[in-house]
C-alpha cells in the first residue's frame, strides 16, 4: 500500500533502529540518524472548478557519521532495510577527512512547541476555495476574477536520533494557499501565497482583503512621475528586499565579509526602526520545530537590533569555523539534505510598528510599490540595489495613478538607513533564502524616475 | 472512461542519484526512488505518488480505486540502481580543491525513469550532469553534461576572478548590445522558449498568443527546441509522458511556428506533445523546454563587434528571467565590455538589462554570427518553483531594444 504517516510510524522507528545497529557495529564513533515521512495533498481549483489533485507520500533516511578522523553523509528514500543499509554504507564510504560536524550531545535538546493543528478534513480545500471566491467577489463587486487556487495541506513527522542516545521526535501539520487573481485586463495576473497557521481559524474574508486590496489599486489611470518621493513597500516587496540582504546574516569568513563596508560610522546597517530575527520558536510561523536541523533547541536569534548587526546564523560546523557561538542556525529541508546554515523564519519585527494605513497617510508624495515584477537584486559587495516593481503614486494620501513597471536602483545601505517606519501587516513569503516574514516599510526621500 | 471508473493515464517510475562534493565536507550521496500514477476523472486529473519503486508501492498506487488498471510488465526494474561514473568523486575532489576559499560545491546528477501506459512502456534516459556552484550568493554556477570535452575550460573560466577595474554603464543606456559567447541562448530561452510553453499559451498568458506565423524578428534565425542534443543538459530520449523525443522548431526564419506542449496542452492547442517534463516523481509533468538551439549566420563575432560604434558586448550572464504578466525580460550581466568605435574597451560591472518581450525580439539585428556556442553558465531553469536542467546553443546576436537598468 502507499505510505501514510499514521501507518508507517513503526516503519520509521524500525528504520532508525536498523540504522542505529548498523552504525553501532561500524567504524563510526559518532552518528546521527534523521528519518522523515510526510504526506502532502495539493488541490488545484481553476475558476472555481476542481482541476487537479496531487497526493504525495514520501519517506526517507539521512545519516551523518564521524569516525574520529573522517565525516560522512548519505541519504535515501524509503524505510526498508535495503535503503537503510545502502545509506549507512554510502555515508561510511564517502567519509572524508574533516572535523566532527555534529554538535556535542550536551548542546542537543528541544523546546516545547505548541501542539499543531490537525490535518484538515477532506473537502476543506474545496470549501475554502468556494469561500475565498465569494469573499473576493464581495470585496470587489465582482471586479476581481479568481483564476486559480492551489491549496496545499501536509502532515509530516520526523525523528532525530544520535549515537549518544538523544532522540527528538516531532510531528506537525502545515497548510498554505496560492491565489491567482485578475483585475481587469491591464494589470495581468496577481499571485499571492498565504501561509495558513491554523486551518481551523483561517479567515477567508481577511485573506481576500490581503489578496485583493492591492490589486484593485491598479484600476487607476497609468501615470508617470519623477523626483524625490517617499517609498512605501508592500510586504511582498519588503520580503524580497530582505531576502536579498539575508546573506549578511550568515556566519562567514571575515576576509570576504561585505557587512563592514555597508555599515555607517555609527555601526548601523539599517535604520532604528528595523529589527530582524530568525524566529524558530514562533508557533505561527511557517517552519516550526522543537530544535534546529541538527538538534539544538529552537530559539529566536536576534540578527539586526534596531539597525545594528548582532548575531549571525550558523550550523554547528560553521559556528566553529567562523568563531560564532552555536545558536541553532542549521536548517534541514528534508531527509535528503545535510544540515547547513540557513534561516527558518527570517522576520522583520513588527512589535513597534504602525498600521499600514498610517504609513500610507504619513507621506504627502509617495510611490507605493505593490509587487516585484522582476528579481529584487542586492549587490552586497557593490552596495547597490535594484527593484523592478509595479506601483501606484500617492499624493496627499490619495492614489493618483498606477505605474505598471517602475525601476529603482541606488545605494543599498543608504536606502536601508532611510527606513522610517515598519508596518504591522506582517506577511510570510517564499523567497530564495526560505521563508521571510515582512511588513510594509516606509522609506523617506528616494529618487524615482518613472 | 468506463462507467464511473477513473481513466488511468500513466505510471511513472523514477530513480535519481545526486553526489555532492565540497572542499572539507563529506561526499554526500542521495538516492531517491519514487512512483506516481495519474488518473483522469472527466476534466479533473489526480496524481498519487509515493517513495519507492517496489511492487508493493506500485500495487498500492494502482489499487487506490475499486478499478485497478492492468499495466504492462517492465523488465530491468530491479537493477542495482544508479552509480556515479568511475573516478567521478576523485575528479570532483580535485576540482573543488582548485576553487579559492572552499567556495565550490560540485554535484553529479543522474536520473532514469520509465513511463508505463496501457499501450506499453517507454524508458526515459538523460545524460549525467555536472553542476558546480561557486559563490552562490552571486549566482556563479556551471551546468554541463559529464564528459563534455570543454568542461575543463569552462571550470577554469568559472574560477577566473572578475576584472578589478570595471565600468558601470549608466541606467537608461540603450544602445546596441552584442550578445556573444552563447549569451543569446538564455535570452531566447526566456523570450521564445518559455513563452511558447503550452500552459502559458493555453491559459492565455503568453504575449506570443496570436502571433503564430508572424515574423517576430528580422533576423532570419531558426530556433529549435532539441532534446536529442545529448551534449546539452536538457537532453532526453523520451519525455516524462513517454513521448519519443523529437526536435520542435519554434522560429523558422524569425517566424513563430511551434509550441512546446505536454499531452494535455497539446490537445488544447491542437499541436503535438513531447515536452511534458517532471521536476521529479513528486511533480506532475508540465510543458517545459529542453535544449534551445539557434542556427548560425554568416558573420564572425569580431565583425559584429567592429560594426558597433558605441554599445556593450555581453560575454557572460548571471541570470535571466521573463515575467509573462508585465511582458518584460531581465538579463543579469556578469561579464562584458563597453564597445567604442568597434573595439572592446572597459570591462563591465555587473548590471541588468531589461526590455519588453516583443520589442527585444523585434530589435534583433538581421546580421547573425556564425559561431553557435553552448551556454555553460545557466541552464538550471526554475519555473513555478520547479527546477529542471535545460541547455542552449546560440550564435552572436546584436539586440537593439535592451536598456541598462
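A short reminder: the numbers here are calculations on the coordinates, not readings from a lab. Values in this document were obtained by computation on a predicted structure and should not be read as measured data. Positions of Cβ are backbone-derived with ideal geometry, glycine not excepted, and every protein chain shown enters the neighbour counts.
Some notes on this structure:
- Global geometry of region A:146-298, whether rounded, prolate or oblate, following the gyration tensor of its Cα atoms and the 1.5 cut on a/c: oblate
- Whole-angstrom gap from region B:327-405 to region A:364-410, using each part's C-alpha centre: 24 Å
- Comparing A:412, A:370, A:50 in a Gaussian network model of chain A where C-alpha atoms under 10 Å apart are linked, the largest mean-square fluctuation is found at A:50.
- Considering only Cα atoms, the convex hull volume of region B:204-312 works out to 152 Å³ per residue.
- Histogrammed with a bin width of 10 Å, the alpha carbon distances of region B:1-65 distribute as 19, 36, 22, 13, 7, 2, 0 percent, first bin at zero.
- Mean projected area in nm² (Cα convex hull; one quarter of hull surface) for region A:19-77: 5.2 nm²
- Chain B, relative contact order [Cα under 8 Å, separation at least 6], %: 17 percent
- Kirkwood Rh (inverse of mean 1/r, distinct Cα pairs), region A:187-237, angstrom: 13.8 Å
- Percent of beta bridges antiparallel (DSSP, region B:246-384, rounded to nearest 5): 95 percent
- Helical content alone sets the calculated 222 nm signal of chain A at -6500 deg cm²/dmol, taking -39,500 (n - 2.57) per DSSP H segment of four or more residues and averaging over every residue.
- Region B:218-262-region A:11-59 distance, computed between alpha-carbon centres (Å): 36 Å
- Diffusion constant of region B:62-220 at 4 °C, which comes from Stokes-Einstein with the Kirkwood Cα-pair radius and 1.567 mPa s, µm²/s: 61 µm²/s
- Quarter the surface of the alpha carbon convex hull of region B:322-405 and you get the mean projected area, 6.7 square nanometres.
- Seen through its C-alpha gyration tensor, with square-root eigenvalues sorted a ≥ b ≥ c, chain B comes out oblate because a/c lies at 1.5 or above while a/b is not bigger than b/c.
- Cα-derived Rg to Rh of region A:140-201, Kirkwood definition: 1.30
- DSSP bridge orientation in the protein assembly as shown - percent antiparallel, rounded to nearest 5: 90 percent
- Region B:130-175: Cα Rg divided by the 2.2 N^0.38 Å rule of thumb: 1.55
- Using alpha-carbon coordinates, inclination of helix A:124-140 to the longest axis of chain A, degrees: 10 degrees
- Listing B:403, B:190, A:97 from fewest to most neighbouring C-beta atoms within 10 Å gives A:97, B:403, B:190.
- Folded to 0 to 90 degrees: helix B:88-97 orientation relative to chain B principal axis, Cα: 30 degrees
- Here region B:246-405 has an Rg and Dmax of 17.3, 54 Å, counting Cα atoms alone.
- Over all distinct Cα-Cα pairs of region A:66-215, the Kirkwood formula returns a hydrodynamic radius of 19.5 Å.
- Cα pair count fraction exceeding 17 Å, expressed as % - region A:208-283: 68 percent
- Region A:313-450: relative contact order as a whole-number percent, Cα under 8 Å and 6+ apart: 21 percent
- 15 Å tail of the calculated P(r), region A:49-101, as % of Cα pairs: 54 percent
- Percent of Cα pairs in the protein assembly as shown per distance bin of 10 Å, from zero to the largest separation: 2, 12, 21, 27, 23, 11, 2, 0.
- Expressed in units of 2.2 N^0.38 Å, where N is the residue count, the Cα radius of gyration of region B:146-279 is 1.28.
- Whole-Å distance, taken between Cα centres, linking region A:182-258 and region A:290-352: 24 Å
- Antiparallel DSSP beta bridges within region A:353-450, percent to nearest 5: 95 percent
- Taking only the alpha carbons of region A:350-450, we obtain Rg and Dmax values of 13.7, 38 Å in that order.
- According to the Cα-based calculation, Rg over Rh for region B:235-294 is 0.98, with Rh computed by the Kirkwood formula.
- GNM flexibility winner over chain A from A:75, A:21, A:38 (Cα, springs under 10 Å): A:21
- Each Cα pair under 8 Å and six or more residues apart adds its separation to the average, and for chain A the resulting relative contact order is 16 percent.
- Normalised radius of gyration (Cα atoms, divided by 2.2 N^0.38 Å) for region A:243-394: 1.16.
- Over the Cα atoms of region B:47-137, the radius of gyration divided by the Kirkwood radius equals 1.15; this is the Rg/Rh ratio.
- Kirkwood hydrodynamic radius over Cα pairs of chain A, then Stokes diffusion coefficient at 4 °C and 1.567 mPa s, in µm²/s: 55 µm²/s
- C-alpha long axis of helix A:235-245 to longest principal axis of chain A, angle in °: 50 degrees
- Chain B, helix-only ellipticity at 222 nm - DSSP H runs n ≥ 4, -39,500 (n - 2.57), divided by all residues, nearest 500: -3500 deg cm²/dmol
- Computed across region A:1-145, the Kirkwood radius stands at 18.8 Å (inverse of mean 1/r, all Cα pairs).
- Sequence of A:324, A:294, B:86 once ranked by neighbouring C-beta atoms within 10 Å, starting from the fewest: B:86, A:324, A:294
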